[in-house]
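Report on one structure; see the data block that follows.
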Amino acid sequence: MWNFGVTKLWIVILMFQCFDCEDCIDTPEAYRGIFESVLETGIGGDHCVARGLMVSIVGPYSYENEDCPMNPNQKPDSISDGGNSTYWAWVSGSHNLEIYLKIAEKNVGNPYEAAAEMMRFVGYTEEYIDQACSYSLTVLPRENLRGLVVPTWASLFLQFEESPFNVTFDWDVARRLTLQGFSNFTGISGCAGNVIDDTCLQEYLETYNILSSIMSEAGTIACVEEFRGMFRNGESASLTQARAFFHGCIDANPLFTGLGYGYSATNNQLTEREYLARNSRLDEIGAASFTLYSPYEAMIKNYNRV
């Protein structure tokens with residue numbers, strides 16, 4: 001006699017057995033091998049990735065001879081450019097790694113287009129996506145990352161109030177930045193779009209240019225100290241100047257939501273969760289870093305096709 005209840009139970013058991021049969025990618029080295037294979041062949045982009053892995057897109061940087069107009073430095077040996085002088089690095093969770101495989105499959109044989117789509121997904125603005133520059137993907141074991149935080153506006157204010165930063169924001173400026181820092185970026189900065197140009201308010205441009213230059217040359221803490229010196233520990237900074245501070249000192253660009261999620265200007269929608277982690281040397285945290293795109297490798301590849 002057919003027992004419907006027993007049949008349902010076996011179906012459920014088989015479903016769980018099926019899920020267990022699929023081994024998720026769980027090491028940085030394994031992910032690298034599969035990603036490079038998918039980009040080359042266009043096959044196999046539908047993989048699960050273990051939640052213990054995280055990822056960061058590194059770049060733009062120069063491959064050699066300062067060939068990248070935005071960054072003369074070569075590939076860093078830490079998660080983010082700047083080594084110990086850069087306090088935090090931007091990282092994303094394992095779901096981004098799964099999405100990147102699908103992007104690689106869609107852009108088979110075209111590393112630049114794959115890299116560009118990945119960068120747009122994670123919130124790069126267009127001026128930092130350039131065929132003259134190089135980009136890498138760094139895959140990281142989550143358990144080895146230090147100081148992992150979700151960068152909401154509220155959590156960032158707390159981080160900067162504490163040592164080693166000791167910044168004090170005006171209460172109303174902090175409140176308004178929390179409410180409007182993303183949704184009203186144009187109103188706050190004056191910038192017509194997501195690119196910093198001469199449409200921006202002068203006080204935004206001046207603050208951002210000073211701070212981003214110091215950040216590039218001397219790092220995060222020096223950048224914060226400059227801001228404190230300019231605006232009485234931060235208390236006298238206007239809403240516009242405070243927003244420029246986050247952009248200049250931690251690269252919270254116009255697409256930074258302050259909600260803990262990234263934003264894609266391509267689709268005009270929230271994407272996946274984003275994090276800040278203490279910048280660390282790659283060899284100290286068991287990371288795998290590999291080139292997504294470089295103009296030199298693209299040139300060699302095109303030469304070999306001729």
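The values are calculated or read from the model by the stated rules, or taken from the named source; none is laboratory data. Since the structure is predicted, the reported quantities are computational estimates derived from the model, not experimental observations. Counting neighbours? That spans all protein chains shown, and the Cβs are built from the backbone with ideal geometry, glycine included. Protein only, heavy atoms only, side chains kept; ligands, DNA and RNA dropped before computing areas. Shrake-Rupley method; radii C 1.70, N 1.55, O 1.52, S 1.80 Å.
Taking only protein heavy atoms and a 1.4 Å probe, what accessible area per residue, in Å², does the chain have with all protein chains in place? Let's see the in-between values first.
Values: 15370 Å² over 306 residues.
On a per-residue basis, 50 Å².
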> Roughly how many debye, to the nearest 20, is the charge dipole of the chain about its Cα centre, given +1 on each Lys and Arg Cβ, -1 on each Asp and Glu Cβ, and no other charges?
Replying inline: 760 debye
> Once the whole set of protein chains is in place, how much accessible area is left on Val58, using a 1.4 Å probe, in Å² to the nearest 10?
Replying inline: 10 Å²
>> Counting only helical runs of four or more DSSP H residues, what would the 222 nm mean residue ellipticity of the chain come to if each run contributes -39,500 (n - 2.57) and the total is spread over all its residues?
In response: -13500 deg cm²/dmol
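Determine the gain in length on full extension of the stretch Ser213-Lys106; use 0.36 nm per residue of separation and subtract their C-alpha separation, reporting nm with one decimal. Before the final figure, lay out the partial values.
Values: separation 107, 0.36 × 107 = 38.52 nm, distance 3.71 nm.
Taking 0.36 nm per residue and subtracting the Cα distance, the gain is 34.8 nm.
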>> Charges on Cβ only, +1 for Lys and Arg, -1 for Asp and Glu, centred on the Cα centroid of the chain; of Gly93, Ile129, Leu282, which one is farthest towards the dipole's positive end?
In response: Gly93
> Amide H to amide H under 5 Å from Asn194: which residues, 5+ apart in sequence or cross-chain, H placed 1.01 Å off N in plane?
Replying inline: none
> Just how large is the dipole of segment 37-161 about the Cα centre, in debye to the nearest 20, putting +1 at every Lys and Arg Cβ and -1 at every Asp and Glu Cβ?
Replying inline: 500 debye
> At what distance in nm do the modelled label points of Glu235 and Leu270 sit from each other, each positioned 7 Å from its Cα along Cα→Cβ?
Replying inline: 3.5 nm
> With the dipole of the chain worked out from charges on the C-beta (+1 for Lys and Arg, -1 for Asp and Glu) around the Cα centre, which of Asn268, Ala218, Ala192 lies farthest toward the positive end?
Replying inline: Asn268
> How many nm separate the modelled label positions at Asn144 and Cys48, each set 7 Å beyond the Cα in the direction of the Cβ?
Replying inline: 2.4 nm
> Among Tyr204, Ser183, Phe227, which residue has its Cα positioned farthest towards the positive end of the charge dipole of segment 178-235, with +1 placed on the Cβ of Lys and Arg, -1 on the Cβ of Asp and Glu, and the dipole taken about the Cα centre?
Replying inline: Ser183
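First check a/c for segment 122-175, with a ≥ b ≥ c the square roots of the eigenvalues of its C-alpha gyration tensor; if it is under 1.5, answer rounded, and if not, answer prolate when a/b is larger than b/c or oblate otherwise.
Details: a/c = 2.88, a/b = 1.54, b/c = 1.87.
Oblate, since a/c reaches 1.5 and b/c is not below a/b.
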